[in-house]
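As structure tokens, the structure follows; a few thoughts come after it.
Only the coordinates and a few stated rules stand behind these numbers; no lab work does. Note that the structure is predicted; figures quoted are calculated from it, not measured. Neighbour counts are summed over all protein chains in view; Cβ atoms, including those assigned to glycine, are modelled from backbone coordinates with ideal geometry.
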Amino acid sequence: MKRVLQVFAVLIVLVALGAGWYVYSKQPTRQGTVTLAHLQGSVTVRYDDRGVPHIRAENEADLYRALGYVHAQDRLFQMEIMRRLARGELAEVLGPKLLETDKLFRSLRIRERASSYAEHMDPDSASSKALQAYLDGINQYQASHPSPIEFDVLGIPKRPFTAEDSISVAGYMAYSFAAAFRTEPVLTYVRDRLGSDYLKVFDLDWQPKGALNLANDDWNTLGAIAALSEQALADNGLPQFEGSNAWAVSGSHTRSGKPLLAGDPHIRFSVPSVWYEAHLSAPGFELYGYHNALVPVAFLGHNMDFGWSLTMFQNDDLDLVAEKVNPDNPNQVWYHDQWVDMTSSEQQIQIKGQAPVTLVLRRSPHGPIINDVLGENAGSTPIAMWWAFLDSENPILEGFYQLNRADTLAKARAAAAKVSAPGLNIIWANAKGDIGWWAAAQLPMRPAGVNPAFILDGSTAQADKLGFYPFSANPQEENPSRGYVVSANAQPASPTGMEIPGYYNLADRGQQLNAQLSDKSVKWDVTNSQALQLGTTTAYGPRLLAPLLPVLREVVKDPAELKLVEQLSNWKGDYPLDSTSATLFNQLQFNLAEATFQPKLGDALFKTLINTRVIDAALPRLAASADSPWWNGKRADTVKLAWDNSLAHLKVTFGDDPAQWQWGKAHTLTHGHPLGMQKPLDKLFNVGPFPAPGSHEVPNNQTAPIGPAPWPVTYGPSTRRLIDFADPTHALTINPVGQSGVPFDTHYGDQAQSYIEGRYEQAHFSDEEVTANTRGTLKLLPAR
């Protein structure tokens, strides 16, 4: 027995040593010397205390090749999974459960657009050369190193990354902005099945001539596509772009006398996080930038002379179009007063462990038919998709290459004009004293009277596009007299006064930022700017509650419950961790929406509605409208039902004592890894949970979907940045998780606790500070 136990102990030690060696072999190398083909000279990469690479090269080609190499060793799996999602190739490695997601992304035609885009790129342009060098660095790393752990677990084969992959990821980003798939079916159903009175809470007019004659199977199809669109983005642990805050303050309003730039793009949380920080330096160029997977140019960045941040424009650049089919030929649709053939093509989708599936993709004159993804379950009406990403030149890579070097307003404006899709607000400042904001997108000209919030009728001219407006018509400001620019996803105004349809956020967040930035008694610096970024209060909750409180006081009879009603009446809309009013309000918000909208919409469309931005504006309008048809003539009864259901759910979830319903227990953040979607792998790959302050539409926008408690946070500030151009070498930043995407690496989740607590890190920029904070140096040498 003793010998058996000794052998068993030895086996345990050997297994542990083997596991340790295996994990160690997958870790990034941040110290030593590596030879790299195609380098013209040596490159030095110094890694700081957060794992951020500071790359110094003697020319741009070497700089971007080194960036690709170090980006890959920290984020190769993220690169792989994002290109597979964008190109509809997940089922090949994740199995049949991802087949419908692959069908959806194939139907978006991102692959074809990426192929055409890459084919027409000028290989001699500086941006194209940067992309090719960057991809070469990625591919050299992949070819010379063991596969990441996730590749081994999923059986992912190595294959080179291409320019098509990079453009495909840009297409995924553009699609993740698009709300049409989730919003237009709901609003069109309300219009055509319920009527004009029901549209008032959405602040929309009914178009009597616009109604579509869709059958029940068509509505079921649209509901299924909306659900699939939401699920495809939510269930894969990948970034999805949702909102953002950014502002720039001129020197006349800052303590230092120089402009101050602040930004925190709101993106779905994931492991690794969306941004990869890297400090790039070559003769004539230096930038501290934030990069997306497979993209060599920085989408956020700054240096000593200038900097910029982004918010989502959220303009409507995707239209759904219901086609009229020829009853004698199902392959023809009515277009411009005649029957026109649809084109079709076939694609093979590889599925892990199963035979490939053939997907037939059709296209009408208006664009790809998107309900073909449902196969035999699709409705009888083809639904086409017009999307600016597929229909514009969109030299976005060149635009950001130039923005990475734009030290004047004129250069920044010219760079912003090259961004077509997705629509972005670019907020910019420089050390000379300039500030600016440009809404960057190609805005389509639609026929007069067309409201793209609804599904359009393809048999008429509704879905026609008359070209694009010039960039000069886009919302924009340069050095305004008030001394600041601010962007927070609310609907902006065009200098020409034209309408800009879109799926915008509530004005509350922007109004709150604007009110504080307009206070002339305040001189802004990085300290009080932190407090502004971390704000957890919104007027939204009190605004929604105000017309309901008299009803609650009338229908609630229990003295203990009446105390809770009065507690809500005194609530200021703040979301700290210890608040119980925040928990009660959030639950009541859901139950109120459920009691009013679900009976009319049904389960599928109701679930779609509460995942759109239009619900945020609809609920306060509903609460304030006592005679809205959504109440069905029973407003008091419905409010009482929502109240009772809220208390019942909170008691079951958190106990009978309302003092235990703290927001920090109900509202938590877990950074999810794609493999962490399956138990028990969540314990190895996910980071969290953390009690999360803030909420939807507060500056610290830690958002969870409307629903029953508890509320897992899905998106929020993907980084927080503050740059005072009196001292840009001491810019502040934070990563929500960590710089590395390699499991068990030191920097996999080392910033998560600081982030949730609202702390900041310094972005090291000067050579002296980079040297003082260097934890490892990697030398990349040319292969001889």
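The mean sequence separation of alpha-carbon pairs under 8 Å and at least six residues apart, normalised by the residue count of the chain, gives a relative contact order of 19 percent. Relative to the compact-globule estimate of 2.2 N^0.38 Å, the Cα radius of gyration of the range 20-145 comes out at 1.25.
Evaluate E = 1/(1 + (r/R0)^6) for residue 522 and residue 744, where r is the Cβ-Cβ distance and R0 equals 30 Å; express this FRET efficiency to the nearest 0.05. Walk me through the numbers before you get to the answer.
On the way: r = 45 Å, r/R0 = 1.50.
Efficiency, rounded to the nearest 0.05: 0.10.
Read through the labelled values (1) 1.09; (2) 0.99; (3) 0.97 and report the label of the one computed as Rg/Rh (Cα atoms, Kirkwood Rh) from the structure. Looking at Rg/Rh (Cα atoms, Kirkwood Rh) for this model, the match is (3). Quick one: of 103/465; 258/432; 557/665; 103/679; 103/607; 258/411, which pairs are farther than 18 Å apart, Cα to Cα? The answer is 103/465; 557/665; 103/679; 103/607; 258/411. Counting only residues at least eight positions apart within a chain, or on another chain, the lysines with an alpha carbon under 17 Å from that of residue 26 are 158. For residue 704, the residues whose amide H sits under 5 Å from its own are 696, 714, ignoring neighbours fewer than 5 places away on the same chain, with H placed 1.01 Å from N.
FRET efficiency for the pair residue 683 and residue 652, taken as 1/(1 + (r/R0)^6) with r the Cβ-Cβ distance and R0 = 25 Å, rounds to 0.40. Think of the range 494-637 as having a plus end and a minus end, set by charges on the Cβ of Lys, Arg, Asp and Glu; of 529, 604, 505, 505 sits farthest toward the positive end of this dipole.
Highest mean first, what order results for 428-435, 598-605, 540-547 on Cβ atoms within 10 Å? Mind dumping the intermediate values first?
Numbers: 428-435: 22.1, 598-605: 15.8, 540-547: 19.2.
So the order, starting with the most tightly packed, is 428-435, 540-547, 598-605.
Among the complete DSSP H segments of the chain, which ones combine at least 24 Å of alpha-carbon extent along their axis with a mean Kyte-Doolittle hydropathy of 0.0 or more? Those that pass (Cα extent of 24 Å or more, hydropathy at least 0.0) are 2-25, 216-234, 581-609. For a Förster distance of 41 Å, can you work out the FRET efficiency between the beta-carbons of residue 97 and residue 341, rounded to the nearest 0.05? The value I calculate is 0.70.
Give, in nm to one decimal, the length gained when the segment between residue 730 and residue 407 is fully stretched (0.36 nm per residue of separation minus the Cα-Cα distance).
Numbers: separation 323, 0.36 × 323 = 116.28 nm, distance 1.90 nm.
Value of the extension gain: 114.4 nm.
Would you list 621, 83, 509 from fewest to most Cβ contacts within 10 Å? The partial results should precede the final answer.
On the way: 621 15, 83 22, 509 26.
So the ranking, lowest neighbour count to highest, is 621, 83, 509.
By how many nm would the segment from residue 460 to residue 769 grow when fully extended, if each residue of separation counts as 0.36 nm and the alpha-carbon distance is taken off? Can you show the working numbers first?
Values: separation 309, 0.36 × 309 = 111.24 nm, distance 6.35 nm.
Extending this stretch completely gives an extra 104.9 nm.
For residue 245, the residues 5 or more places off, or on other chains, whose built amide H falls under 5 Å of its own are 264, 266. Short to long, the 10 Å bins of the Cα pair-distance histogram for the range 392-470 hold 17, 38, 24, 15, 5, 0 percent of all pairs. By the rule of a C-alpha distance below 16 Å, with chain neighbours fewer than 8 residues away ignored, the lysines paired with residue 324 are 209.
Spatial offset of the range 665-738 relative to the range 378-430 amounts to 27 Å, using the alpha carbon center of each.
Please name whichever of 107, 732, 387 sits farthest to the positive end of the charge dipole of the chain, dipole taken about the Cα centre and charges placed at Cβ: Lys and Arg +1, Asp and Glu -1. Positive-most Cα among the choices belongs to 732.
Amide H contacts of residue 379 (H built 1.01 Å from N, in plane; Pro and chain starts excluded): 221 sit under 5 Å, all sequence-distant by 5 or more or on other chains. Within a straight-line Cα-Cα reach of under 16 Å, residue 200 can be paired with the following lysines, leaving aside sequence neighbours fewer than 8 residues apart in one chain: 600.
3J(HN,Hα) along the range 28-44, derived from phi through the Karplus expression 6.51 cos²θ - 1.76 cosθ + 1.60 where θ = phi - 60°, amounts to x, 9, 10, 8, x, 10, 9, 9, 9, 5, 6, 6, 8, x, 7, 10, 10 Hz, with x in place of Gly and Pro. The modelled label-to-label distance between residue 660 and residue 557, using points 7 Å beyond Cα along the C-beta direction, is 2.8 nm.
When +1 charges are put on Lys and Arg Cβ atoms and -1 charges on Asp and Glu Cβ atoms, the dipole computed for the chain relative to its Cα centre reaches about 1260 debye.
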